[in-house]
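The values are calculated or read from the model by the stated rules, or taken from the named source; none is laboratory data. Since we're looking at a predicted model, the values are computed, not measured. When we count neighbours, we look across all protein chains shown, and the Cβ atoms used for this are built from the backbone with ideal geometry, even at glycine.
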Amino acid sequence: MQSKSDIRKIVLERRRGIDSDCRKSSENLIADRIRSLAEYRDASVVALYYPVKGEADLLSLLADREKTFLFPKVQGDRLSFHPAANLDDFEAGSYGIPEPAAGKAFRVRDIDLILVPALCFDERGHRLGYGKGYYDRLLKDNPGIFTVGVCFDECHVTGLPVEPWDVHVDCVVTQTGVFRSTTLSGEVQ
């Protein structure tokens, strides 16, 4: 199996190669699949992410006004989550990633669903991020929150090297399917 470093390079190149029209169409399909999840429909408080480095842009979900959307802020080696209702609510944050400019942090245990970005996911829900471990710590410390990994098909792989500290998501959503991590065969739902 390839190293995480090699996989990062390969997947970043794949993601960069996605045509802009195809990207927009895929992002719309991913958002529709997320909206079709019972866990999303039932959620009142959703942790979203601001897309960077070619991640799937799901900011269209902000139109779902019946939900409270939170976005991560880096606080030392942890993430805190703060509300944002529109794109005017952001300022440059850690690593150049836009973060909510204001708003009191929500307790993580009050989040119903977390949409998790990554470079790629495998069919068992394991993720490969950028190597800082923020989401692994978050997910390890908060196992009862439903987690949805988000990526393009081009970044959904058969298997990833897994370390003891890696934490998987409950399901992965791409433009062509929803892959529950309990479905070890990667069966599309």
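Data overview
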| quantity | calculated |
| --- | --- |
| Any hit, region 133-143, residues being touching an Asp or Glu at 6+ places or on another chain (Cβ under 7 Å) and within 21 Å of ASN28 (Cβ to Cβ) | no |
| Filter result for PHE71 (under 23 Å from LEU12 (Cβ atoms), touching a residue at least 24 places away in the same chain (Cβ under 8 Å) and not in a helix (DSSP H, G or I)) | yes |
| Condition met for LEU62 (free of Cβ contacts under 8 Å to residues at least 40 places away in the same chain, assigned to a helix (DSSP H, G or I), buried (at least 18 other Cβ atoms within 10 Å of the Cβ) and out of contact with any helix residue (DSSP H, G or I) (no Cβ under 6 Å at 6 or more places or on another chain)) | no |
| Residues of region 11-30 satisfying the condition of being assigned to a helix (DSSP H, G or I), within 19 Å of the chain's Cα centre (by Cα) and surrounded by 11 or more Cβ atoms within 10 Å (Cβ to Cβ) | VAL11, LEU12, ARG14, ARG15, ARG23, LYS24, SER25, SER26, GLU27, ASN28, LEU29, ILE30 |
| Any hit, region 105-121, residues being under 15 Å from the mean Cα position of the chain (by Cα), surrounded by fewer than 19 Cβ atoms within 10 Å (Cβ to Cβ) and at pLDDT below 95 | no |
| Single unsatisfied condition, ALA38 versus (1) modelled with pLDDT of 95 or more; (2) small (Gly, Ala, Ser); (3) under 22 Å from LEU138 (Cα atoms) | (3) |
| Checking PRO100 against (1) surrounded by 22 or more Cβ atoms within 10 Å (Cβ to Cβ); (2) farther than 15 Å from LEU79 by Cα, the condition it does not meet | (2) |
| Restricting region 122-137 to residues that are buried (at least 19 other Cβ atoms within 10 Å of the Cβ) and under 19 Å from ALA56 (Cβ atoms), the residue that is modelled with the lowest pLDDT | GLU123 |
| Complete set of residues in region 31-44 that are assigned to a loop (DSSP other than H, G, I, E, B), among the small types (Gly, Ala, Ser) and surrounded by 13 or more Cβ atoms within 10 Å (Cβ to Cβ) | ALA43 |
| Selection status of ARG107, closer than 23 Å to GLY144 by Cα and free of Cβ contacts under 8 Å to residues at least 12 places away in the same chain | yes |
| Qualifying positions in region 77-92 - surrounded by 10 or more Cβ atoms within 10 Å (Cβ to Cβ) and either touching a residue at least 40 places away in the same chain (Cβ under 8 Å) or under 18 Å from ALA118 (Cα atoms) (or both) | ARG78, LEU79, SER80, PHE81, PHE90 |
| Which listed residue, of VAL52, VAL74, is surrounded by fewer than 18 Cβ atoms within 10 Å (Cβ to Cβ), closer than 25 Å to GLU154 by Cβ and either in contact with a helix residue (DSSP H, G or I) (Cβ under 7 Å, 6 or more places away or on another chain) or at pLDDT below 95 (or both) | VAL52 |
| Test for GLU55: is it closer than 15 Å to LEU115 by Cβ, part of a loop (DSSP other than H, G, I, E, B) and acidic (Asp, Glu) | yes |
